[in-house]
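Colleague: Structure in structure tokens, see below.
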Amino acid sequence: MATNDKYDRQLRLWGASGQRALGNTLVLLIGTSACGTETLKNLVLPGVGSILVVDDDDDPARWGTSASPPPPGPSPSRFPSPSSNFFLPPPPPSPFGGDRDDVDVDASRPTASTTTTPNSNAATACALLTELNPDVVGHHLSVPSLEGCDYDSLFANLARDGPPMSSSSSSSSSSSSSSSSSSSSSGTSAPPIRKVLVISADQPSTVLLPLSRACHARSLPLIVVRSYGLLGYVRIQAPMPYHPVIESRPSHRLPDLRLSRHPAFDGLRDVMSSSTDLECVVDTRDRSHAPFVIVLLQALERWRGKKRDDDDGVADDGSSTVVVGGRGHHPVTIAEKDEFRSIVRDMTRDSSREVNFVEALREAHLVWTDGRISDEVRDVLDRVDEESFLRAAMKSDMDVEGGSSSYVGPEIPSHVLHFQLLVLALKRFLVANDDYPPLEGTIPDMTSDTARYVALQEAYRRQAERDRSAIDECARFVLAECERRSDGCELRVGMPTDDEVRTFCKNSRYLRILETRPLFAEYALQDPASPVVASFASSAVGGEGNFDAIQSDVRDDLLVTTMEPHETDPMQTPMLWWIALRACDAFYDRHGHYPGKHDQDLALEADANEVYGCMVRIVGSMGLDESDIIVKYLLDRTKGMDMAREVVRYDEAEIHNIAAVVGGVASQEAVKLITGQYVPVNDTYVYNGIASTAGVYRF
Amino acid sequence: MTVDAESTYPPCPPILRGMRAALGPALLAEILHSRILLIGSGGIGCELLKNLALSGFRHVEVVDLDTIDVSNLNRQFLFRSHHVGMPKCVVASEAALRMVPPPPPTTPTTPIQDDATTAKATYMPHHGNVFDNARFNVPYFQKFAIVLNALDNVAARRRVNRLCLAANVPLIEAGTAGYLGQVTVIDRPSNTECYECQPKPTQKVYPICTIRSTPSQPVHCIVWAKELYKLCFGPKVEDSMLYEDEESLRAERDGQGDGDGDEKKNDDGGRTTTRSDMSKGEEEAGGGGGSTYMDAIRDLRSLIGVDSSPYSSPSQPSAVRSKAREALTALFSTEIVKQIGMDRYKTADRVPVPISPGVDWVDAIPPTTREGYTPTDVWSPADCVSEIASCLVEVAENALTPDPTSPLPEFDKDDDVAMRFVTAASNLRSYVFGIEPIQSLYDAKGMAGNIIPAIATTNAIVAGLQVLQMFHVLRAQLDVKSGGGEGGKLKECCRYIYCLRDKTRKGYLLQPTSLPDPNPDCFVCRNASVSLVLNTHEWTLDMFLRRIIKKELGFAEPTIMIGEDIVYEEGEDIDPSEYVANLAKKMTNLPGGGAGHGSVLRIEDFTQDLEVEVSVSHRDRWIIDDEGEAKVDDREEIEKFEIGGKKPTVSKENDSVDAKSNGNVANSAASSNEGEARTEDTNDSDDEIELIEGDDGPKLDGIDDSRMYADSKEESKKRTLVDQSGNGTKKAKMTVDDSV
């Protein structure tokens, strides 16, 4: 077990499939701020397949040491304090420098302390990051400017050739054209890259907007991390068309017992008919070791019988009563539920001994928990139809040509097609099964003797297996249908494996998708007057979709959120601080630097005034200017100015702790996106380090 | 950046410039000279050290007992594979020290610095146990401005909690489990809740008879196998639940037979064995001292060098194998036959089927050394036997080494031999009792090791939050120093923060709440009294001392008084022989009038500045046997006790969690609550948590989830720290259905 030992503790969290997904992923980091490298650290440690660190040519030597003063004039660097960054240390002593001689690292790996020529930020960060985990293949790329970088061709090259592997590392560093790149793999063959995840670390809109569009166009997930003074946020831009989540792992998962379904499935009926009426059982042990499922089903029989009698009675009277709810199969109204509970209570002889009856009473709600597909899953199902699936599944010309000039819209990634195929199969299954999804097939623990528990377990397991093969058949059918209609055109999707179908069936009650608006659309709404946003908008290539629907949905959502400010101090509501931070970005758009770069009070106050102006403009364009909390705490000039002064005071400082927290959150979300387990944050996580609070918003 | 005042001076290190901008020069100065104590340098500890160093802290001491293990490397990022085996605190503080930025020079904008600020930065490791009172005591704690906890077990947390309370030093406590985490601040002057104000769910305990005779779930077999491990390799055979001597055998028989009356009170002669002592059912048991397997186990222990001096010559592998086969035959065949003969399984659904290991089984190549082996393989009975035999041979071969590191006297999930042995023994028992599923080594490790999933991301978040709480504490201390107010105001600035996996109703993923008030019934921070129920005629002072005072109440060096009479005392200057005579006495026979029903004992612990009154009640009948259940022996009944009042009782909320997560007493036939005895799981080391087998993958990262979620939803005041030890995470289900 030696080889797996390192990951033992995390395998128990996300399983072998999650670990595989991590191992097949390439993570791109754009920018090497502390926050970005912290995020990447938390992905390198658990064993992401490979990383590509991209940064411009800033020389960390200028900044790291106390020996050489920073160059005068406005800072060309967006990271004025690289040494708050664990992975960009002051050059001479590397954090691990001391015992480097006995480190068994590949000699060819560039490290801060072994190479004589000063390394680029990207190279240094990459070397120190990969040192954390020899399983991870590291690549780095230095570009003349992150703002001028053509991200779309970078991604296209990645998709075609994989990460930059060769090219001598230091020789081209002075050349003006892009790239000094090198691979710091330790000689092992690189794992297959199936997924790419992009992380933007503390970038201004001049970088973010083109990056966001390139990710959108290539259907790559993008995580934007930001740490600024005591504030920070993580913004997720899901790949197009959405990020499917099969294993959403809700924190409350009701047992899938199907008690309400009438008639019960065959296996359960058999168990029922083979168990004697507990009322007639004399042996106390027999009674007290009957699984509560049987108790509930017998109680339900009783209740149904009673219901029938009542109804008959009513009918005889000739009065006009409507049979209420559940088609009479299970209790629906509160009165009926009470009635059912009292039946269970009546069946109990000795509640101190008959634990199973106590359990039955406690779990009585399972009898009327419908078990049919929920509205949320219904929404997911409604997003998929066979027509568009067929269109997307056919290999497009673009794919064959490899050209991106005739680009019309993001191609749907194959794992989404896979998901859609299973959803289509599920839709067919639901039609044939009265809207009941495939059975999960596991039962909760309960007081019972072994024989009856095992029989019950077996009945559920068998039925689940039957349902699984039904889903399998449905998928096959859908696929055959598509093949028939595709005119011989090859499909981009094949049959899922048995394991995939099984996982899908088990989780079909909790399917989710994450759909976000791309960041460039968000910026266009929030600050259309920004010169950066405006010039970006004019360069729009079209075909980027219309996000008005999400946009207005988002606003309603946000207004609801504003109803619930921070309990003790509404000023500390994370949303307000996000707006202040967003205003700093707006300031940057207009001045090319962040506010607070003075030490005269007057100049600082002028910056604060302008930041405040940006705040007001932003809440206006977001349509929040009538929300109570905004009016009281942001549009109120005294309070709003206090916030503006606070962010101006930060002077772009990156505090390591905040970077560490935000990096922790960002990597957690990255793991969710990579493994497809759990639903990632939708879409912005705001951290307020002043009050140690955080909120999730869709801005 | 415009040219500021510093450009004429050596510049402030960039990182500190940022800190100064955001926090202000006064707080930065405080950070530069404060002394910080960090307990633990594991997952959270590594993050904390990095954060402390990069925040400019210059004087940090680190206490940790552990050495670096391979399974740490996925998150404890200051360690590399070549560090495995070295003390964590040493490697970690060296790495951290290299990151500490130089202090900013004196400038017009920074206040005058004191010596502590300008002195060389020191990150001092202490490779030791925080229970070592000679080194880590109240005066030592008083040297620090703040103590940070980065621990993974309840016992050490309790210790640090008490020392901090006694020293009046603020403690920043944290814990994680999977994606969940919590951070809180404990400060006596601020009147906050202490670590022990809320009950820590104890380990799931199984009735002894379930473990010994009527297992019905894989976890029962795992517990049994761990006891067998203790029996074979532990320092004292008596410590194992499977240990049998005449006394316990007789007690067992008495419990079964119809009232042999008052014979329980055996006099000292209980160790001698006569044939006539054995009752009908035991006849098949064959020779020896009444136990079917103890003789073979004793032989085995001396053969593999556990009981003999370490320098004797090693035993021949063939001798070990044949003795192993003898012991296994006794355990899995003779003993089972005996139990069947005793009608244990008359009412059971399934009668166990004895397994007799064949000669060729013990000689076979064990599964773990075969080609193509993976930890998710499931072993056959023959595989299990060959694995056990090869474990024993390995141990025998290592017996010559002066300092054998394997196996450890205590079961350790990360010890390869221990894990293979326990997996094999547990599965063999599962085969005998027809329990499914048979566990792979990977699964067994999850169950036996009580492993809490741990990942880098949560640690990063929690450690960052801890340091931010430190800033608040330092700011408050600064206000006091500069005459701006009194101490004890941490409730105004610090928060109890949960990291949740899902967002709460209000959209928060981090949920800060105000620091709760102390539980008025807390015997640790409120000196409230403890009520104790036990059999005062049967309990000796020694039992009371070890099981109640030390284990349950966590006293280190207790002084026990009845009225004005000291009946027991320990500590550096105390002659232990003085009270030895009292230890063997029954509670009622102690000096000072004895500790019978209604009496009050006073217990003091100078080392923890702790004093508590224990009011004793007597009870002699506990177990109301459910008909049809296996009877419980008297020994178990005598040893039962109940602590109330102060030691907080389990709240309602816990009940609901229990109900959900361990409603699982599942299809177990033996679940009489009253009859549950404590399994002596003293493995208090690392990552302790109760895990049970699950059905679908490693999916549930701690059922505590549901509890935390419920908490935040209902705004309940109750909370429990999540320990990595998982004491907050009562149970997590896990098995992997994917192959690894």
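Every read-out reported here was derived from the displayed coordinates using simple, explicitly stated rules and does not represent laboratory data. Remember, it's a predicted structure, so these values are computed and weren't measured experimentally. Heads up, the Cβs are rebuilt from the backbone with ideal geometry, glycines too, and the neighbour counts pull from every protein chain shown.
Colleague: Please pull out the direction-averaged projected area of the range A:377-514, using the convex hull of its alpha-carbon atoms, in nm² to one decimal place.
Modeller: 10.2
Colleague: Estimate the FRET efficiency between B:ALA364 and B:GLU436 by the formula 1/(1 + (r/R0)^6), using the beta-carbon distance for r and 30 Å for R0, to the nearest 0.05.
Modeller: 0.80
Colleague: Name the long-range amide H neighbours of B:ILE455: under 5 Å, sequence gap of 5 or more, or other chain; modelled H, no Pro or chain starts.
Modeller: For B:ILE455, whose amide H was placed from the backbone, the distant partners under 5 Å are B:GLY178.
Colleague: Any idea how far apart B:SER318 and A:THR284 come out in nm if each label point goes 7 Å out from Cα toward Cβ?
Modeller: Computed distance between label sites B:SER318 and A:THR284 equals 5.9 nm.
Colleague: Search the structure for amide H atoms under 5 Å from the amide H of A:LEU220, placed 1.01 Å from N in the peptide plane, and list their residues when 5 or more places away or on another chain.
Modeller: Under 5 Å from the amide H of A:LEU220: A:MET240.
Colleague: Taking N as the number of residues in the range B:524-610, what is its alpha-carbon radius of gyration divided by 2.2 N^0.38 Å?
Modeller: Normalised Cα radius of gyration, the range B:524-610: 1.02.
Colleague: Now a separate question. Mind listing the Cα extents of the range A:250-306 along all three principal axes, in Å, largest one first?
Modeller: Taking the Cα atoms of the range A:250-306, the three principal extents are 41, 25, 23 Å.
Colleague: Calculate the tail of P(r) for the range B:430-490: the fraction of all Cα-Cα distances greater than 14 Å, expressed in %.
Modeller: Summing the P(r) of the range B:430-490 above 14 Å gives 73 percent of all pairs.
Colleague: Given Cβ point charges of +1 (Lys, Arg) and -1 (Asp, Glu) and nothing else, what value in debye, to the nearest 20, does the dipole of the range A:537-650 about its Cα centre take?
Modeller: That gives the range A:537-650 a dipole magnitude of about 340 debye.
Colleague: Read phi for every residue in the range B:513-529 and hand back ³J(HN,Hα) as whole Hz from Karplus 6.51 cos²θ - 1.76 cosθ + 1.60, θ = phi - 60°, with x for Gly and Pro.
Modeller: Running phi through 6.51 cos²θ - 1.76 cosθ + 1.60 with θ = phi - 60° gives 10, 5, 5, x, 6, x, 6, x, 8, 6, 6, 7, 9, 10, 6, 5, 9 Hz.
Colleague: Here's a follow-up. For the pair A:THR442/A:VAL454, report the inter-label distance in nm, with labels modelled 7 Å from Cα in the Cβ direction.
Modeller: 2.0
Colleague: Using 23 Å as the Cα-Cα cut-off, could you pick out the over-long pairs in B:LYS120/B:LYS143; A:LYS337/A:LYS506; B:LYS230/B:LYS586; A:LYS41/A:LYS195; A:LYS639/B:LYS489; A:LYS41/B:LYS50?
Modeller: In this structure, A:LYS337/A:LYS506; B:LYS230/B:LYS586; A:LYS639/B:LYS489 lie more than 23 Å apart at Cα.
Colleague: 7 Å from Cα along Cα→Cβ at both A:ASP277 and A:ARG345: what's the point-to-point distance in nm?
Modeller: 2.3
Colleague: Using the Cα atoms as the points, what is the convex hull volume per residue of the range B:115-174 in Å³?
Modeller: Taking the convex hull of the Cα positions in the range B:115-174, it is 105 Å³ per residue.
Colleague: From the residues A:ALA603, A:TYR588, A:LEU576, which one has its Cα farthest along the dipole of the range A:537-650 in the positive direction, the dipole being from +1 and -1 charges on Cβ of Lys/Arg and Asp/Glu about the Cα centre?
Modeller: So the residue we want is A:ALA603.
Colleague: A further question follows. Note down the Stokes-Einstein diffusion coefficient of the range A:537-650 in µm²/s, whole number, using a Kirkwood radius over alpha carbon pairs, 4 °C, and 1.567 mPa s.
Modeller: D = 85 µm²/s.
Colleague: Tell me, in nm to one decimal, what length is gained between B:GLU552 and B:ARG602 on full extension, where the rule is 0.36 nm per residue of separation less the Cα-Cα distance?
Modeller: 16.4 nm
Colleague: Kindly state, to the nearest 0.05, the FRET efficiency for B:ARG619 paired with A:SER469, given R0 = 56 Å and r defined as their beta-carbon distance.
Modeller: 0.45
Colleague: What residue among A:LEU430, A:ALA392, A:CYS474 has its Cα farthest toward the positive end of the dipole of the range A:377-514, where the charges are +1 on Lys, Arg and -1 on Asp, Glu, each on the Cβ?
Modeller: Positive-most Cα among the choices belongs to A:LEU430.
Colleague: Can I ask one more? Treating the beta-carbon of each Lys and Arg as +1 and of each Asp and Glu as -1, no other charges, what is the dipole magnitude of the range A:377-514 about its Cα centre, to the nearest 20 debye?
Modeller: With only Lys, Arg, Asp and Glu charged at Cβ, the dipole is about 320 debye.
Colleague: Further question: Hey, with R₀ at 56 Å, roughly what FRET efficiency would B:GLU486 and A:ASP599 work out to, going by the Cβ-Cβ distance, to 0.05?
Modeller: Calculated transfer efficiency: 0.95.
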